[in-house]
Amino acid sequence: MKGKWAAGIEPRGFTWVYKGILAVSERPGGSTTVHRQVRRDEELMWLKHQGFGRVISILPVMQNMSAYFEHGLTASHYALRGGPQQREVLEACYHDVANCMASKTTVLLHGDEVSDRLLGVVAGYLVWSQKVGTVPASIALVERLFKRSIGPDGRSVLMDLPENVRE
């Protein structure tokens with residue numbers, strides 16, 4: 001492979017939350033209805049060339065995890081399906097992100113698309129990690145960063161933060 005495609009292509013909806021350490025995008029290769037293996041491989045190549053070491057998925061169902069490993073990326077999956085286990089799943093996801101940040105491993109957090117749910121996870125992480133003091137401040141920051149509002153699905157994720165974090 002030669003030319004500008006040798007380094008792959010940036011995933012759709014790619015946005016840095018913390019420059020050089022934590023980013024968000026839609027699932028490499030596109031959402032389920034338009035997913036393409038060739039595009040996924042190009043986007044994973046781009047991530048590797050940009051220094052990413054880990055991919056964290058919040059998809060309800062685990063998909064294509066082996067592709068991440070084939071491209072030299074570590075990966076984990078936290079199925080956010082709602083329900084009684086969502087708080088524990090979120091907490092495990094947040095610990096994973098925090099451990100990556102502490103070890104200086106650049107991480108991509110993704111859902112099928114850059115959805116309200118994914119933005120809710122980001123806003124929740126900012127509060128959970130105490131990088132932002134309150135849920136309303138976190139929502140405002142994430143909405144400014146992504147230039148869109150967080151709807152009810154994303155805000156419902158914030159209701160699953162541990163009680164002592166939401167205060």
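Overview of results
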read-out	value
Criterion violated by Tyr94 - all others in (1) over 25 Å from Met45 (Cα atoms); (2) in contact with a Gly (Cβ under 6 Å, 6 or more places away or on another chain); (3) hydroxyl-bearing (Ser, Thr, Tyr) satisfied	(2)
Unique match (being without any contact (Cβ under 8 Å) to a residue 40 or more places away in the chain, assigned to a loop (DSSP other than H, G, I, E, B) and surrounded by 13 or more Cβ atoms within 10 Å (Cβ to Cβ)) among Ala98, Ala75, Ala79	Ala79
Failed item in (1) modelled with pLDDT of 90 or more; (2) basic (Lys, Arg); (3) surrounded by 19 or more Cβ atoms within 10 Å (Cβ to Cβ), with Arg12 passing the rest	(3)
Residues of the stretch 14-68 that turn out to be within 24 Å of Glu143 (Cα to Cα), in contact with a strand residue (DSSP E or B) (Cβ under 8 Å, 6 or more places away or on another chain) and outside any loop (DSSP other than H, G, I, E, B), as a count	11
Number of the exception - Glu88 against (1) under 20 Å from Asp153 (Cα atoms); (2) acidic (Asp, Glu); (3) in contact with a Pro (Cβ under 9 Å, 6 or more places away or on another chain)	(3)
Leading residue by the ranking (surrounded by the most Cβ atoms within 10 Å (Cβ to Cβ)) among those in the stretch 121-141 that are assigned to a loop (DSSP other than H, G, I, E, B) and of a type outside the set (Ser, Thr, Tyr)	Val132
Considering residues of the stretch 51-102 that are of a type in the set (D, E, K, R) and more than 14 Å from Tyr125 (Cβ to Cβ) only, the residue farthest from the chain's Cα centre (by Cα)	Glu70
Failed item in (1) at pLDDT below 95; (2) in a helix (DSSP H, G or I); (3) surrounded by fewer than 17 Cβ atoms within 10 Å (Cβ to Cβ), with Glu91 passing the rest	(3)
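The values are calculated or read from the model by the stated rules, or taken from the named source; none is laboratory data. Predicted model only: the values in this text are computed from it and were never measured. Methodologically, a virtual Cβ is constructed for each residue, glycine included, from the backbone with ideal geometry; neighbour enumeration extends over all protein chains shown.
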